[in-house]
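Starting off with a structure, shown below.
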């Protein structure tokens, strides 16, 4: 009986070491982005972007390179020589699209401060004719 008890104790002990928390990975490896721009402009804080509609965003940042609509959410991407700025808009109760959040990445897709990237994008505004 003692070997069976020892085997059971070993199984219970080893079973407690296994965790199934799912995969833990990051696209950036936790690295911070590097912001280097020929025309950095003046930083634009996120609170100045929040609440803007599509016409106001076009006036500030020019024409987006990506415009993805998945009602009630919408993602717009703007580009400068240093970064990509993603602005997320939402439509509440059928109203106009309004910006609620933004994030920014350097050219290697490492996170950057939104204000630096937004200033750079605004200074290098792109317009499609």
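The values are calculated or read from the model by the stated rules, or taken from the named source; none is laboratory data. Since we're looking at a predicted model, the values are computed, not measured. Positions of Cβ are backbone-derived with ideal geometry, glycine not excepted, and every protein chain shown enters the neighbour counts.
I need the full set of residues from the range 92-108 which are within 23 Å of residue 69 (Cβ to Cβ) and either in a strand (DSSP E or B) or at pLDDT 90 or above (or both), in order please.
Across the range 92-108, the qualifying residues are 97, 98, 99, 100, 101, 102, 103, 104, 105.
Of the residues that make up the range 20-29, is at least one assigned to a loop (DSSP other than H, G, I, E, B), surrounded by 12 or more Cβ atoms within 10 Å (Cβ to Cβ), modelled with pLDDT of 90 or more and at negative phi?
No, every residue in the range 20-29 fails to be assigned to a loop (DSSP other than H, G, I, E, B), surrounded by 12 or more Cβ atoms within 10 Å (Cβ to Cβ), modelled with pLDDT of 90 or more and at negative phi.
Which of the residues that make up the range 98-113 are touching a helix residue (DSSP H, G or I) at 6+ places or on another chain (Cβ under 7 Å) and surrounded by 20 or more Cβ atoms within 10 Å (Cβ to Cβ)?
Selection gives 99, 102, 104.
Name the residue that is farthest from residue 49 (Cα to Cα), counting only residues in the range 109-129 that are more than 13 Å from the chain's Cα centre (by Cα) and outside any helix (DSSP H, G or I).
Among those residues, the one meeting the criterion is 129.
Tally up the residues in the range 36-78 that are crowded, with 17+ Cβ neighbours inside 10 Å, touching a strand residue (DSSP E or B) at 6+ places or on another chain (Cβ under 7 Å), in contact (Cβ under 8 Å) with a residue 24 or more places away in the chain and closer than 12 Å to residue 121 by Cα, please.
The qualifying residues number 4.
All but one of (1) without any contact (Cβ under 8 Å) to a residue 40 or more places away in the chain; (2) closer than 21 Å to residue 59 by Cβ; (3) surrounded by fewer than 15 Cβ atoms within 10 Å (Cβ to Cβ) hold for residue 81; which doesn't?
(1)
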